[in-house]
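See below for the structure under consideration.
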Amino acid sequence: MIGASYLSEWVKLKRRTLLLSTFLGLAAAAALFVVLIFSNAPAHGSGGGLPSLQQLARPNGLVFGLTRATFLLGVVAFGTAAAQTASEYSLGTLRQLLVRQPRRVTLLTGKMLAVVTFMVLATAFAAIVAFLIANVMAQSRGVSTRAWFTGAGFGDLLGALGNIELAVIGYSILGLVVGQFLRSAVAAVIVGFAWLLVIEQFILTRIVPSAAPWLPGISLSTIAGGGNPDFGISYSHGLIVAVIYIAAAIAAASLTFARRDVTA
Amino acid sequence: MTVTQVTRPTGQPPSSSLAVSTDGLTKRFGDRTVVDGVGLAIPRGSVCGFVGPNGAGKTTTIRMLLGLIRPTSGGGSILGGSLTDPASYLHKVGALIEAPAFYPQLSGRDNLKALARLGRIPAAAAGPALERTGMTARAGDKYRSYSLGMKQRLGIAAALLPSPELLILDEPANGLDPAGIVEMRGLIRSFADDGITVLVSSHLISEIEQVCDHVVMIRGGRLVHQGPVADLAARQRPDIVVAPEHAADLAQLTKVLQFSGLPTVAGPADGTVVVAAAGVGAADLNRLATRHGITLRQISERTHSLEDLFFQLTGTESALTPGQEMGAIK
């Protein structure tokens, strides 16, 4: 049942325009961060929060660019996912879907799994592009890449990629839920971006810094970065808070979706 | 509005022979009652017209039948499955609800593919459905490039995907040109020929009249009438339109008819008098007029349309000409 809903969603997700815009968009964003980091990295120490060329030559040097790009990847994942659920209401397609699959939670679960898979694949593609660009940039800045291709380097790479994917999954689920509640793709994207980019990043964390460890967006950033030294948040704390938010969001979305009258 | 009568079909068939059966189906949105105690009895294999003005509660009723809206009270069964468990019967139901809704960036075929996968229907079912609705040639084009008529036909194709036993079509003729309406009528007839029960809603009674053998009338959320169209028509005696040879005799003719105790005599309008009296024949009227020295140049029967009957049953007056929307009445 969930499998049918999952496969059905993929018919929509794999259309060329969405596929190209999401995969290439995320890859371009990740590549841009890599280029900026390598281009502006000082030879020693750190400048403007950027890693030095020396740091980039370490085993974890390969993941710097992608980790920095996670927030942008998350925002794109949030917007894409929100549009997938909200558009079912605005297009009126939800009623067609529910006639073919009246078990609403099954429908929602399959849809969520499909969108999350899509975003995970897009992020993986962005990571591959970012790694290729990082190798090119390392050559141009004279950064040794020998440590990247060691056991420790691969370990750091996989760990970082896993954390980034976890964060992207979190952003995607929050996007799906917000889209489902607001039933408008535009409203969902505006609300989501305003929360993540403005309210959390520039207002709450500055006015009430002690609230930072309890915010969903900051928690997801903490997961992606393997911890958050700026706010002194540990990886495990970020993970627990994010999981609570996501579980609560999924529960609320399932409950309302199962009970809400479909008049669209 | 006064509901003049609520009728159930006489000798109502047992529930097993009903495709749709509801009892006291009610939906309230806040203080507003949109559907009020509707009890449907739609026989299997019938083409049932579901008629009423815009805002009568047709779409809300249909959405309750399809599990999209939860009834406030009441219940029922569809194809033997309980209304409280839509999954028990929706795999045997095809539906076009209001305007067709598909993904504009996908082709018609891919839209059907997505729905087929969701309903665990073999992808091959899309071919015959497209063929039957005449959409095969354009199935590969993006949905957004379709005309309104093509969108409606794709909507019907989607409804046909599960090889339904019950087809629910909500205003399928909306936005279609006259040729498209005729085509839609033909399609609906062909479904009936295949033994599919069809519930087709419309605010255009004249459309329903031409294709249905059963009718459900609703107004203000309440059931006004339901039963075979033939029964309804048989209950109605046609009016008799008479016209004197000389226009000067019109007033005299009207007076004679009234003095003869005929229950209803419409006022002279275009040189004719309309007698809406049951049990009075053309010969009686001719004799009556001749006895008073009036020669008639016209004696003709005027049968009631379903639209006229609707207004009679709801106690409202029809100010419409055939084909006009009931929704125009406020």
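The values are calculated or read from the model by the stated rules, or taken from the named source; none is laboratory data. A quick note: this is a predicted structure, and the numbers were derived from the prediction, not measured. A quick note on method: Cβ atoms are made from the backbone with ideal geometry, for glycine too, and the neighbour counts reach across all protein chains shown. Quick note on the areas: whole protein, heavy atoms, side chains included, nothing else; ligands and nucleic acids left out. Shrake-Rupley method; radii C 1.70, N 1.55, O 1.52, S 1.80 Å.
Structure values in brief
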quantity	calculated
Net dipole in debye of segment A:86-163 [+1 Lys, Arg Cβ; -1 Asp, Glu Cβ; about Cα centre; nearest 20]	320 debye
Eligible aspartates and glutamates near residue A:14 by straight Cα distance, threshold 19 Å, same-chain separation 8 or greater	A:88, B:110, B:141
Scattering curve values for chain A, log₁₀ I(q)/I(0), Debye with Cα scatterers, q = 0.08, 0.09 Å⁻¹	-0.35, -0.44
Span per principal axis, largest first, for the Cα atoms of chain B (Å)	77, 43, 36
Length-normalised contact order of segment B:1-155 in % [C-alpha pairs under 8 Å, at least 6 apart]	18 percent
Accessible heavy-atom area order of B:165, A:88, highest first, probe of 1.4 Å	B:165, A:88
Relative contact order (%) - chain B, alpha-carbon pairs under 8 angstrom, separation at least six	22 percent
Sites residue A:150 and residue A:261 - FRET efficiency at Förster radius 60 Å, r taken between beta-carbons, to 0.05	0.55
Relative contact order (%) - segment A:184-254, alpha-carbon pairs under 8 angstrom, separation at least six	22 percent
Among beta bridges that DSSP assigns inside segment B:77-227, antiparallel share in %, nearest 5	45 percent
Label-point gap, in nm, between residue A:240 and residue A:7 - each point 7 angstrom along Cα→Cβ	4.2 nm
Debye, to nearest 20: dipole size of segment A:111-264, +1 on Lys, Arg Cβ, -1 on Asp, Glu Cβ	200 debye
Percent of beta bridges antiparallel (DSSP, the protein assembly as shown, rounded to nearest 5)	65 percent
A:148, A:214, A:195, ranked by accessible area, largest first (probe 1.4 Å)	A:214, A:195, A:148
Segment A:197-239-segment B:187-227 distance, computed between alpha-carbon centres (Å)	60 Å
Debye, to nearest 20: dipole size of the protein assembly as shown, +1 on Lys, Arg Cβ, -1 on Asp, Glu Cβ	1380 debye
Selection from A:114, A:157, A:126 lying farthest towards where the dipole of segment A:76-224 points positive, charges on Cβ	A:114
Options B:305, A:35, B:71, ranked by Cα towards positive dipole end of the protein assembly as shown, top entry (Cβ charges)	A:35
Against the rule of thumb 2.2 N^0.38 Å, how large the Cα Rg of segment A:120-164 comes out	1.21
Tilt relative to chain A, helix A:16-40 - C-alpha long axis, 0 to 90 degrees, to 10	20 degrees
Heavy atoms of residue A:207 accessible to a 1.4 Å probe, total area in Å² rounded to 10	120 Å²
Proximal aspartates and glutamates to residue B:92, defined as alpha-carbon separation beneath 14 angstrom and excluding residues fewer than eight positions away on the same chain	B:165
Cβ neighbours within 10 Å from other chains - mean over B:115-124	6
Descending semi-axes in whole angstrom, ellipsoid equivalent of the protein assembly as shown, from the Cα gyration tensor	68, 22, 21
Protection proxy ranking, peptides A:153-162, A:175-184, average beta carbon neighbours within 10 Å, highest first	A:175-184, A:153-162
Exceeding the 23 Å Cα-Cα cut-off - candidates A:12/B:58; B:58/B:142; B:113/B:142; B:113/B:151; B:27/B:58	A:12/B:58; B:58/B:142
